[in-house]
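Before any comments, here is the structure.
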Amino acid sequence: MHISIQEGRSLPDFQRCTTCCEDFHCPFCASNVFHPAKLSKVQTHLESHFNRAVLYEGYTIHRCALNCKPRFHFHCFYCQSMPTRKADFIKHLALFKAKHSAITPIIPDPSTPSSQIHQPPSSQIQQSPSSQIHQPPSSQGERCKGSV
Ligand SMILES: [Zn+2]
Ligand SMILES: [Zn+2]
Ligand SMILES: [Zn+2]
Ligand SMILES: [Zn+2]
């Protein structure tokens, strides 16, 4: 996830610069685009980032002016593309979302079991079929003899 994509209204940690100056840098702008300044000025500048940002799926995607590209741009949530126009970026995201939701129904619903229904109950298999064979065959014939 690129630094310009932040959850909600959160911001990346930014601290007083210790390398090129003693001021604060905008986390979304290169120092030649937004010159490092006092914390209060950076915070005002960040408000303008929020005003121009794209809100998407609970994330705030800020306009990026880091050295990834010579112009202001947005970083895609899904791929490496960096559209410069906000309208193009929103279109681009919508396209990805449509593709994404077309894929999800293929995943099987775990609440419907399918393979374990047709197992035969094990008690029927173990029952012996020969237990009822040994009736004496002669009893019926003797009863008939007396009544005729
Ligand atoms: Zn600096
Ligand atoms: Zn900035
Ligand atoms: Zn960038
Ligand atoms: Zn993309």
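Read-outs throughout are calculated quantities, based only on the coordinates presented, and are distinct from any laboratory measurement. Here the structure is a predicted model, which means the values were calculated and not measured. FYI the Cβ positions are ideal-geometry reconstructions off the backbone, even for glycines, and counts take in every protein chain you see.
A few points about this structure:
- Dividing the mean sequence gap of close Cα pairs (under 8 Å, 6+ apart) by how many residues the range 5-93 holds gives a relative contact order of 23 percent.
- The range 5-93: C-alpha gyration tensor shape, a/c 1.5 cut-off, then a/b vs b/c: prolate
- Residues C76, C64 arranged by fewest to most Cβ contacts within 10 Å: C76, C64
- Sorted by Cβ neighbour density within 10 Å, fewest at the top, the residues I5, I90, I61: I90, I5, I61
- When D23, D13, D88 are sorted by how many other C-beta atoms sit within 10 angstrom of their C-beta, beginning with the fewest, the order is D13, D88, D23.
- Computed lengthening from K91 to F72, 0.36 nm per intervening residue step minus Cα-Cα distance: 5.1 nm
- Whichever lysines have a C-alpha closer than 16 Å to that of K86, once near sequence neighbours (fewer than 8 apart) are set aside: K69
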